[in-house]
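The values are calculated or read from the model by the stated rules, or taken from the named source; none is laboratory data. Note that the structure is predicted; figures quoted are calculated from it, not measured. All Cβ positions, even for glycine, are placed from backbone atoms using ideal geometry, and neighbour counts span all protein chains on display. Calculation scope for accessible area: heavy atoms of the full protein, side chains included, ligands and nucleic acids excluded. Shrake-Rupley method; radii C 1.70, N 1.55, O 1.52, S 1.80 Å.
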Amino acid sequence: MCGIWALFGSDECLSVQCLSAMKIAHRGPDAFRFENVNGFTNCCFGFHRLAVVDQLYGMQPIRVKKFPYLWLCYNGEIYNFKQLQKQFGFDYQTLVDGEVILHLYNRGGIEQTASMLDGVFAFILLDTANRKVFLARDTYGVRPLFKVLTDDGFLGVCSEAKGLINLKHSTSLCSKVEPFLPGHYEVLDLKPSGKVASVELVKFHSCKDEPLHVACDTVEALPSAGFDIDTVKSNIRILFENAVRKRLMAHRRIGCLLSGGLDSSLVAAVLLKLMKEININYPLQTFAIGMENSPDLLAARKVAAHIGSEHHEVILNTEEGIQAIEEVIFSLETYDITTIRASIGMYLVSKYIRKKTDSVVIFSGEGSDELTQGYIYFHKAPSPEEAAEESERLLKELYLFDVLRADRTTAAHGLELRVPFLDHRFTSYYLSLPAELRIPKNGIEKYLLRLSFEDSNLLPKEILWRPKEAFSDGIASVKKSWFSILQDYIDQQVDDLLLEKAAEKYPFNPPKTKESYYYRQIFEKHYPGRSSWLPHYWMPRWVKATDPSARTLKHYKSATQE
């Protein structure tokens, strides 16, 4: 996890523009560098480093003697860089996994490069010999990337939007800062003036398609095909374990977020099992957050005891949670209601990890709800086919919601997130299964995933079959939910009259509740006029919902309710 930043064709003094790159310094607390491009005095790269692999030669932009005309700035982890080296005979000059991008590009161009990378990535690749700039981002947008391109060819690229919004340019203040689409690469021509012109934007991978890099995977072929239930369960276990195993690549200590729900518990259990197998000689640290005796804390405690992790509990102080709202919204760059609610706990637990422990590489369970139909409203799906379509829609929009939350809340504290449920191979297999197999069954969501691990003894049965908690209830105390505490506080902050006139003040995505209005005010304070970054609020489907929380759905019953 790092912060990348680059400018091409800047009219302003680069030393002034570089101040914008410091807005993402939190992403790389270990070192930073600015480097001008030879022959292009108005082009430069900025890089903030979190050293996770190759402590000696990991600084960027990456340049190697073999390709003196290539410059690479990337944020991510490429899990199959050793397999690609073996397959194509690449001669690496560093231990940096991202160096493979230079070799793949030299061998087969940008299309093959993006398609053959098994991992999470956002990168800027400059080829001065052919005068090209390439941008690319992984399938689910696990690593963030934003860009701004003016009509006269000034290009700014950054891991977070906050590193671009204050850039200066002669024709205008750079207005159209937008997220770079996941699963795409863009080709731009670099002119002698340092300005660029976009040539094409190409989608190189869809979540349903089996990735091209399967041939370079540690599990090349599944032992058996077909959709009989025992084969499916076995394949799910093999691919999930493989997804966790390949993510163990790190020279820094590994930890795991553990809410006590199914997803994080499965990740933690498989992670600990594999760490033992490869003789990692330190205990796995797991981290849970919640109010005193909240359902999440109690469940996480049970899981930690079962798997034998070194468990840390962070007690959520309501005052601290409320005080964190503004810094959380600033970090997130969104005003989406459910994203902000769920981010507060994750932001505070990440803050604890950074201050109190030496864990840096943090595993988490993001992506499972979207992939395995874990949201409670999936019980209301009109048909298995519609549920399958909704699952794909959610996966495509992850970069606006859960993946955004997971990246920004951890990156704000210099941690690197790893999300095995979003492994390309695992997700494409799961989505290839018949729609009927993937729906909730017997009133239980994620039925197939739970069933697949039932005989593994990885988790206690009551955790494996624990129903989903709305995050705000999972971290709640028995006396009063975090959701209620938040509502009571915001009710005092927003006048009824303000809410009545909300649509006039904010015509795009107008706030419908006081909570939504409160978040929007804070967002507009930091990012005025940027409301289009969120195309729509996250809301459940097939139900008449005015609030995104599961707790408002009829099917839902929290453990804190009697």
Practice task
Please give the peptides 138-148, 358-368, 85-95 ranked by average Cβ packing (other Cβ atoms within 10 Å per residue), highest first, as a rough proxy for protection.
Solution key: 138-148, 358-368, 85-95
Exercise for the section: Would you mind getting me the FRET efficiency between Glu292 and Phe508? Use the beta-carbon distance for r and R0 = 41 Å, nearest 0.05. Expected result: 0.55
Completion exercise
The correct ranking of His536, His184 by accessible area at 1.4 Å, largest first, is His536, His184
Handout entry: For the stretch 346-424 versus the stretch 92-124, the gap between their alpha-carbon centres in whole angstrom
Key = 25
Exercise for the section: Answer with one residue from Gly261, Thr286, Gly141: the one whose Cα lies farthest towards the positive end of the charge dipole of the chain, charges on Cβ with Lys, Arg +1 and Asp, Glu -1. Expected result: Thr286
Problem - Where a label projected 7 Å from the Cα of Trp542 along Cα→Cβ would reach, residues of the stretch 445-467 with amide N under 14 Å - result: 445-447
Practice task
Rank by packing, highest mean first: peptides 325-333, 409-417, with packing defined as the count of other Cβ atoms within 10 Å averaged across residues.
Solution key: 409-417, 325-333
Practice task
Would you rank Met22, Met346 by solvent-accessible area, highest first, keeping every protein chain in place and using a 1.4 Å probe?
Solution key: Met22, Met346
Exercise for the section: Might you report the magnitude of the Cβ-based charge dipole of the chain about its Cα centre, with Lys and Arg at +1 and Asp and Glu at -1, to the nearest 20 debye? Expected result: 720
Completion exercise
Lys and Arg at +1, Asp and Glu at -1: neighbours of Ile444 with Cβ under 11 Å from its Cβ sum to +4
Fill in the blank from the handout: Extension length gain for Asn166 and Lys66 (0.36 nm per residue less Cα distance), in nm, is 32.3 nm
Problem - Loop GluC sites (Glu not before Pro), the stretch 119-228, which have at most 13 other Cβ atoms in a 10 Å radius of their Cβ (DSSP) - result: Glu220
Fill in the blank from the handout: Length gained if Gln487 through Lys208 is fully extended, taking 0.36 nm per residue and subtracting the Cα-Cα distance, is 96.5 nm
Problem - Set Lys351/Lys501; Lys176/Lys514; Lys208/Lys380; Lys480/Lys514; Lys82/Lys276; Lys356/Lys446 screened for pairs whose C-alpha atoms are more than 25 Å apart - result: Lys351/Lys501; Lys176/Lys514; Lys356/Lys446
Fill in the blank from the handout: Length gained if Glu436 through Arg107 is fully extended, taking 0.36 nm per residue and subtracting the Cα-Cα distance, is 114.2 nm
Completion exercise
For the stretch 227-233, Karplus-derived ³J(HN,Hα) couplings (6.51, -1.76, 1.60; θ = phi - 60°; whole Hz; x for glycine and proline) come out as 10, 5, 4, 5, 5, 4, 4
Exercise for the section: Using a 1.4 angstrom probe, figure out how much accessible area the stretch 3-203 has per residue, in square angstrom, rounded to the nearest whole. Expected result: 35
Exercise for the section: Whenever you get a sec, compute what percent of the accessible area on the stretch 3-203 sits on carbon and sulfur atoms (1.4 Å probe). Expected result: 52
Handout entry: Among (1) 35.8; (2) 29.1; (3) 24.9, the entry derived from the coordinates for mean projected area of the Cα convex hull in nm²
Key = (3)
Handout entry: Label-point gap, in nm, between Asp11 and Ala197 - each point 7 angstrom along Cα→Cβ
Key = 1.9
Exercise for the section: Report the accessible area of Lys501, computed with a 1.4 Å probe over the heavy atoms of all protein chains in place, in Å² rounded to the nearest 10. Expected result: 110
